[in-house]
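Take a look at the structure below.
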Amino acid sequence: MIAPKPVTFDYDTVELRGGRLQKIRLSDARVLGELDGMAPVVKCYCRSSDVITPEEAERQHRPTFVFPAQYFRDLESLIGKELEGRIYSDSQGQRVKFHLNLNEHAGFQLEGADRHLFSPWYQENVLKE
């Protein structure tokens, strides 16, 4: 009898629960995909001990959400607010994608009255200071 192939996923999911947005900053990141290149991004630093150790939370290394720089002004108004989102990384841990659920925050409005913010793929080292 042949053993079935193990199921592999394109990404693993880490869920951020109750993360308070501490600070945001502008940076550059390498976009991965069909067209690689550099892009201006905004990095959102959330403090949460749900998905990281207390020491990492204190240093604010993770979780970090990274989005196109066009959202900088909108995200700036969310500093101090509790955010929920997901961080997706591939099976190699080399690429990270982000999703923020902003339904709780009436001040943040995307096109079409959508309040979910998705990022393109960025290289993992964009998370490092």
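The values are calculated or read from the model by the stated rules, or taken from the named source; none is laboratory data. In this text the structure is predicted, and so the values were computed from the model without any measurement. Heads up, the Cβs are rebuilt from the backbone with ideal geometry, glycines too, and the neighbour counts pull from every protein chain shown. Areas reflect the complete protein model, heavy atoms only, side chains present, ligands, DNA and RNA absent. Shrake-Rupley method; radii C 1.70, N 1.55, O 1.52, S 1.80 Å.
Among residues of segment 86-129 being modelled with pLDDT of 75 or more and small (G, A, S), the one that is surrounded by the fewest Cβ atoms within 10 Å (Cβ to Cβ) is S89. Residues that are in contact (Cβ under 8 Å) with a residue 24 or more places away in the chain, open to solvent by 60 Å² or more (accessible area, probe 1.4 Å) and not hydrophobic (A, V, I, L, M, F, W, C) within segment 68-85 comprise E76, S77, K81, E82, E84, listed in sequence order.
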